[in-house]
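The values are calculated or read from the model by the stated rules, or taken from the named source; none is laboratory data. As the structure is a prediction and not an experimental result, all values here were calculated from the model. For neighbour counting, all protein chains shown are included, and Cβ atoms are generated from backbone atoms with ideal geometry for every residue, glycine included.
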Amino acid sequence: MQKLLTCFLIFIINCFFINVQGLTMINPQPVSLIIDTDVGNDIDDALAIALCHTLQSFGECNILGMTVCNDDFYSAVYTSVLNSFYGRPDIPVGLVNQGVKDKNGKFLRYVSDLRDKNGNFVFPRKISNQNPPYDSVKLLRKLLSSQPDKSVVIVMIGFSTNMARLLATEPDEFSSLTGTELFKQKVSFVSAMAGDFSDEVQKNPTMQNREYNIRLDIKSAKYFFENCPVEVVFNGFEIANKMLYPYKSIEQDYSWIPVHPVAEAYKVFTGKPRDRATWDLLSILYAVRPDDGYFSFSEKGTAKVTDEGYVIFEKNEKGFHRHLKADDEQKKRMLSLFIQLCSWQNSKPTQKCGKIVGINSEKSKVVRTAAFE
């Protein structure tokens, strides 16, 4: 009887704990996420999506859908590539309609268009010219309307275009509520990579130190953050600006599979061996693990977006906004976690890509040569 009880306790413990290279993590009720990304303008979005997929594999979150605020068809294609690579091709992807496009995301097309010696795509995807992405705002309304009240966390790691437009929507076939009403009813909080809350920038905002996600669509940022009916937790530029993801990890830790869509994108984006800041990853981490001691917080307040694109934080006990803070030890802890989880090896990628770039495939070297030389 005692032996049976012991086995039962071990089973229960294993159901709630996962050990990751020495890190023991509680497996909580999965957090329902919608990710809004400008993937293609920098490489941290790709790393953030990889991080989120790993956290879902651990049972910590559930990605309901992804919307792309970068007006580039290949941004949606690459997002679909990542979802398929991680074994979740059916995660719906929406694309902004006539939105902002700042840069030509060179790695988007490169990675998405890689083909093997038979002319097949190296990385499967659901999105194509024949199967285009959803309209972002319509997808957001559809997803939110189907979820329990106050159950969804929105992760914004790009411009505010999609979310501002969502708030401004009228009732439709998905919900009798306006966008603002629907947002308030369904969303728990927003985890947003936006602004710069360092003392230097707050005291002396200039046109040169405006944060990228804000200045690319100032009008939308101003509208969204003024009208968002739920709490917004800001991850400012200053926290991860020197939290650099090591290129060495890209070269070594992703080699468990011959061709990895994040590693290849990183190499194309940087052009040469160099580390890159991990801005967007912090917003994913906070959304999924808000109470795990990775961050401290500012007082409550209001982050006001000026007409010029400055973000000024004003303390206010009744405010809906806070911004994250992190000391050196917290940053070190987070970066170590990112390196482990972004490159995490599990069975899903090989199941989806095994015929082309499978770890155990004898043809993998041939395919890699055909694809890259």
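Summary table below
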| item | result |
| --- | --- |
| Within region 233-351, helices (runs of 4 or more DSSP H) holding 2 or more residues that are touching a helix residue (DSSP H, G or I) at 6+ places or on another chain (Cβ under 6 Å) and within 23 Å of Ser32 (Cβ to Cβ) | 279-288, 328-342 |
| Conditions (1) charged (D, E, K, R); (2) more than 28 Å from Trp279 (Cα to Cα); (3) in contact (Cβ under 8 Å) with a residue 12 or more places away in the chain; number of the one not met by Arg125 | (2) |
| Counted residues, region 205-231 - those being in contact with a Gly (Cβ under 7 Å, 6 or more places away or on another chain) and over 18 Å from Ala168 (Cβ atoms) | 5 |
| Scan of region 264-306 for residues that are in contact with an Asp or Glu (Cβ under 9 Å, 6 or more places away or on another chain), within 24 Å of Asn235 (Cβ to Cβ) and free of Cβ contacts under 8 Å to residues at least 40 places away in the same chain, ordered by number | Ser296, Glu299, Lys300, Gly301, Thr302 |
| Pairs, first more than 22 Å from Leu144 (Cα to Cα) in region 86-105, second at pLDDT 95 or above and acidic (Asp, Glu), C-beta under 7 Å, six or more apart | Gln98/Asp71; Val100/Asp71; Val100/Asp217; Lys101/Asp71; Lys101/Asp72; Gly105/Asp72 |
| Condition check for Lys126: closer than 22 Å to Ser220 by Cα, touching a strand residue (DSSP E or B) at 6+ places or on another chain (Cβ under 8 Å) and of a type outside the set (A, V, I, L, M, F, W, C) | no |
| Criterion: outside any strand (DSSP E or B), among the small types (Gly, Ala, Ser) and either free of Cβ contacts under 8 Å to residues at least 12 places away in the same chain or closer than 21 Å to Leu140 by Cα (or both) - qualifying residue of Ser176, Ser188 | Ser176 |
| Checklist (1) closer than 27 Å to Glu329 by Cα; (2) assigned to a loop (DSSP other than H, G, I, E, B) applied to Thr169, failing item | (1) |
| Subset tally (residues that are surrounded by fewer than 23 Cβ atoms within 10 Å (Cβ to Cβ) and under 18 Å from Val262 (Cβ atoms)) for region 60-79 | 1 |
| Odd one out for Gly119 among (1) under 23 Å from Thr161 (Cα atoms); (2) free of Cβ contacts under 8 Å to residues at least 60 places away in the same chain | (1) |
| Among (1) in a loop (DSSP other than H, G, I, E, B); (2) modelled with pLDDT of 95 or more, the one test that Ser361 misses | (2) |
| Subset tally (residues that are of a type in the set (A, V, I, L, M, F, W, C) and in a helix (DSSP H, G or I)) for region 196-230 | 6 |
| Meets criteria (crowded, with 17+ Cβ neighbours inside 10 Å and more than 16 Å from the chain's Cα centre (by Cα)) for Ala287 | no |
| Scan of region 114-130 for residues that are within 24 Å of His260 (Cα to Cα) and either assigned to a strand (DSSP E or B) or more than 22 Å from the chain's Cα centre (by Cα) (or both), ordered by number | Leu114, Arg115, Asp116, Lys117, Asn118, Gly119, Asn120, Phe121, Val122, Asn129 |
| Whichever residue in region 80-108 is assigned to a helix (DSSP H, G or I) and touching a Gly at 6+ places or on another chain (Cβ under 9 Å) and, among such residues, is surrounded by the fewest Cβ atoms within 10 Å (Cβ to Cβ) | Lys106 |
| Positions within region 139-174 being of a type outside the set (Lys, Arg) and surrounded by fewer than 19 Cβ atoms within 10 Å (Cβ to Cβ), in sequence order | Ser145, Ser146, Gln147, Pro148, Asp149, Ser151, Ala168, Glu170, Pro171, Asp172, Glu173, Phe174 |
